[in-house]
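Note sheet for the following structure.
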């Protein structure tokens, strides 16, 4: 049926200049909008937007009203909250310092990859993925295993080296539980965002102006300062604001490092009031989230302004690539810096987790001959709580990613084909969670669905619904990109030939969108398995998920189980992302071959 409709659609496509054909297309478009599939697509988008509006409305009402009457008592409690100034100060300092560091390092890495001969091809695509493959909570704990003052593996190694020279060191010499350690870990997880946005800006910009500057006698530093950086201002601004958004809602590093250090930040304080305080103080948590909403909303507002402004006329095509900057003897050092980042952010924490898992306990005195793979399986397969949380996370991720990507595909086509103001309004509302923190969304779900009349608190359903709402904006980005590659004439010809909106979606639009949707599905799966901010407030002993379980195990000292669980999940993420990439390439190559054969058949 698929090939029949495609042949009918291609043969039925009317000439663009024909007025009769134009009227047929207009009639087909109207039929699509009024058909059952158009109604279903609009209803689906309306329901998703309605859930988001309901969440935001419940939060807003709880801020200003109590028992149906206006009440400002909550704000009095929030501003009188003990340690509020210190929490806000800590959060601002950590985020701003790590933002500056990550922008500098990310921009340097992007420049090396896009403009110099130090480029490492395989690393260009993987570098932004490292922060997703290894969960931030697992990476932070891995660095605790490495740099804890007494039992850290690297500290033990350094003390041994000092001992060879007759220097006795009883503790340290490095300490992850410090402001420096906390800021560096923040920076490590922010660098991929800066690298991704700045490298995209470099690929899109015309390098001919940089070449002209060098030819005219400008030094490399002068070229970067006066040509490259001004062209990259939109990318740098967008990266800075996205890093602020990420940093203010970051939970994994501050809960592991900051709690031990005694440095509280806003995200951890909100979650503590909901999850680790008895009884839960949800009203004050909602009041504190206003600061989070204000910062994140401001960041997204200015990001939109930056993306709309400062657009340069130096954007080139795909074939517009300038001469590569030859670094000479510095090339090796530049590549070493790139590999050092991979070593510090991915390999070393992974090695530390592996040592603890294979050893069966955490000790700096490792007996290499006693490392056993059975300890890894004992930490996961033989641990009922770990297997239960892993099973829940995998089921939530598979179902949630599939549902989110299908909803996004249907709605993206509805938005593209309809073009109405109502569709655009729904699209803006559906993408609203991307401007908020997962912590705020989690609070909204507690208010809206945990109690009466839904009573979904601590259930699989509330977690699944939260994941879909939380990651639907990211799903629509993938779906929008996939839908934009489909020629509208195919759909219009299908409607003219008599196929309804449903058949057109199933047999023409969806098959053509599959490569992009598969790539988006893989990313959604990884994001959902690693989601911690909302999960830690919505999950519990009845429905534990992997992030919640890892944090609980860390707090109770079950380090081997924690390490085993993190390793298993990392392996699953690698397999899923690799399979999604290979499947996407396989289908994409198949579609190219099919189009080539059809073109050859038409010519013959």
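Based only on other Cβ atoms within 10 Å, what is the fewest-to-most ordering of 269, 86, 531?
86, 269, 531
Multiplying the sequence separation of residue 371 and residue 327 by 0.36 nm and subtracting their Cα-Cα distance, what value in nm do you get?
Separation in residues times 0.36 nm, less the Cα-Cα distance, equals 11.5 nm.
How far apart, in nm, are two points set 7 Å out from the Cα along the Cα-to-Cβ line at residue 70 and at residue 541?
The two pseudo-label positions are separated by 4.4 nm.
Which of rounded, prolate or oblate describes segment 328-450 when judged by the alpha-carbon gyration tensor and an a/c cut-off of 1.5?
oblate
Arrange the following residues from fewest to most other Cβ atoms within 10 Å of their Cβ: 467, 189, 242.
Taking fewest neighbouring Cβ atoms as first place, the list is 242, 189, 467.
Arranged from highest to lowest average of other beta-carbon atoms within 10 Å per residue, in what order do the peptides 150-157, 471-478 appear? Intermediate values should be presented prior to the final figure.
Values: 150-157: 17.6, 471-478: 23.2.
Taking the mean over residues of other Cβ atoms within 10 Å, the ranking is 471-478, 150-157.
What order, most packed first, do the peptides 160-168, 533-541 have when packing is the mean number of other Cβ atoms within 10 Å of each residue?
533-541, 160-168
How would 368, 300 line up from fewest to most surrounding beta-carbon atoms within 10 angstrom?
Exposure proxy ranking, most exposed first: 368, 300.
Each value in this text was obtained by applying a stated rule to the coordinates, not by laboratory testing. Keep in mind it's a predicted model, so treat the numbers as computed, not measured. Reconstructed Cβ throughout: ideal geometry from the backbone, glycine too, with neighbour counts over all protein chains shown.
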